[in-house]
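The values are calculated or read from the model by the stated rules, or taken from the named source; none is laboratory data. In this text, all values refer to a predicted model and were calculated from it rather than measured experimentally. Every residue, glycine among them, receives a Cβ derived from its backbone with ideal geometry; neighbour counts consider all protein chains shown.
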Amino acid sequence: MTTPAPSTPPAAFVAVDLGATSGRVIVGRVGPDTLHLTETHRFPNTPLHLPSGLHWNITALHQNVLDGLREAAREADIVSVGIDTWAVDYGLLDADGALIGIPHHYRDSRTTAIAQQVRDRAGAARLYDITGLQHLPFNTIFQLAAAQEAPQLATARTLLLIPDLLTYWLTGYLGAEATNASTTGLLEARTGTWSKDLTDFIGIDPTLLLPLHEPGTRTGTLLPHITAATGLRPGIPVTAVASHDTASAVAAVPATTADFAYISCGTWSLAGLELDAPVLTEASRTANFTNERGIDGTVRYLRNIMGLWLLSESQRTWSARGQRHQLPELLERAAAARPFAALVNPDAPEFLAPGDMPARLAEYCARTGQHLPDDPGAVVRCILESLALAHRHTLRRAAELTGKPIRTVHLVGGGSRNELLCQFTADATGLPVIAGPTEATAIGNILVQARTHGLVADRRAMRRLVARTQHLKRYEPSGDTHAWDSAAARVGLS
């Protein structure tokens, strides 16, 4: 009688996943039929309002990363660490490798005017032909144009996007991960290389931008003082993942067929398709679609939609007034509110900056001949119906512009817990919505590390593992699309 070989225990990886409003450190255990997450640390990501503008509290984020790694070391024997964050923002290093100043927050107003000036001088069509990016006023190219007179840029020798900066502080490695680099407005969409034409155009030294590496690259090992501070074993590598959080989230979409669309829904809703090549047509540009890099050379063809930022800012405003509405209560009241009483375009520029979101929504509605009731339930319903309409509009345009059919929508990220938004999105699109996983970004981060270490074969295997092991919920459309058609026409999202 043969004794079966003992099974190998799952390997443990750490995902450092920093979003625009919160961060988390998660241990992921991966095996042939295992994908188990344990959150070891969660913390707020609170911006700093300083005389110089809106900034990220980058040193506090770094300390929270260390705190999370310390807890991860107590949780499991860690094999590797990966870092993903939001896009476009950066830190500058001097000749000695020291950080110059405090990184600006992309919602800072300094780029508002300069972005259009750059577009006018360079030509919007030319910029799109080179970069393939949706026009967003905070892309790195516009931030650098706004910083031309700042002394920090004059003395800088290196530019690091936020995940690359944190990797540098953990390992001493200097480099630029490709998926995040693709959001800067300085990368050529066709070649995936830095554009010297654009660095020359905005007047920055191209040597500020470091050599690119792909997800799966081993960027270095933890420095001795990091292992001493965290208790992690010496020699643990930091593996480059898809360091743009949306790229990691898309890598974890549990699709089992090719005819899917995705919505990575959190502070932003990133809605689109996974393609093999960029779409750089004039129709794509005027529709304001972006071509950003994903894992394995794929293209994330999508639009940024303002997302649940509208809801979180509304909750923050109500809380500051002493009206502490919990989300389940708000969603219950929204479900009972009158359908389509008032609608907005979530991407209106007045919704970008922090502030009194319910007042801004009411002002938008008044300006467009609508009345938004002064009731939190009505406000939340307005937000969720408007987001569902934006999801519908974006996915339909993506299908038209690419010729790629959509039969299923995968909604991942924190928004997948919002059952009302998921059902509204199914009703608005007329397509089934599969919601989950909630922690898609961390899962994508972990699975790229696991693949690098030989535990997962390829992208399809990664997605099959997510589909087998994670909780997913399916929402079928109601079948009544007439009301959504009428609502879309009202708000210009037909």
In the range 177-207, what residues are free of Cβ contacts under 8 Å to residues at least 60 places away in the same chain and surrounded by fewer than 23 Cβ atoms within 10 Å (Cβ to Cβ)? GLU188, THR191, THR193, TRP194, LYS196, THR199, ASP200, GLY203, ASP205, PRO206, THR207
Just one listed residue, out of ASP67, ASP94, ASP89, ASP84, is more than 25 Å from the chain's Cα centre (by Cα), of a type in the set (Asp, Glu) and outside the structural domain of ARG293 (by TED's automatic domain parsing), and it is ASP94
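The rows are residues; the columns are (1) at pLDDT 95 or above; (2) among the β-branched types (Val, Ile, Thr); (3) in contact with a Lys or Arg (Cβ under 8 Å, 6 or more places away or on another chain).
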| position | (1), (2), (3) |
| --- | --- |
| ALA428 | yes, no, yes |
| ALA435 | yes, no, yes |
| ASN445 | yes, no, no |
| GLN449 | yes, no, no |
| ALA457 | no, no, yes |
| VAL466 | yes, yes, no |
| THR481 | no, yes, no |
| TRP484 | yes, no, yes |
| VAL491 | no, yes, no |
Between residues in the range 246-264 that are surrounded by fewer than 19 Cβ atoms within 10 Å (Cβ to Cβ) and residues that are of a type in the set (A, V, I, L, M, F, W, C) and modelled with pLDDT of 95 or more, which pairs lie under 7 Å by C-beta distance while being six or more apart or on different chains? THR256/ALA467; ASP259/ILE406
Requiring at least 3 residues that are closer than 22 Å to ARG42 by Cβ and either free of Cβ contacts under 8 Å to residues at least 24 places away in the same chain or in contact with a helix residue (DSSP H, G or I) (Cβ under 6 Å, 6 or more places away or on another chain) (or both), the helices (runs of 4 or more DSSP H) wholly within the range 409-470 are 440-452
Within the range 109-152, how many residues are under 21 Å from ARG303 (Cα atoms) and acidic (Asp, Glu)? 1
Output the qualifying pairs, or none if there are none: Cβ atoms under 6 angstrom, residues six or more apart or on different chains, first residue in the range 330-343 and assigned by TED's automatic domain parsing to the domain that holds GLY492 and within 18 Å of TRP318 (Cα to Cα), second residue of a type in the set (Val, Ile, Thr) and buried (at least 21 other Cβ atoms within 10 Å of the Cβ). LEU330/VAL380; ALA334/VAL380
Going by the conditions given, is LEU384 among the hydrophobic types (A, V, I, L, M, F, W, C), touching a residue at least 60 places away in the same chain (Cβ under 8 Å) and touching a Phe, Trp or Tyr at 6+ places or on another chain (Cβ under 7 Å)? yes
State whether one or more residues within the range 288-298 are of a type outside the set (Val, Ile, Thr), over 21 Å from SER386 (Cα atoms) and surrounded by fewer than 23 Cβ atoms within 10 Å (Cβ to Cβ). yes
Would you point out which residue out of ALA348, ALA336 is touching a Gly at 6+ places or on another chain (Cβ under 7 Å) and more than 30 Å from ALA258 (Cα to Cα)? ALA336
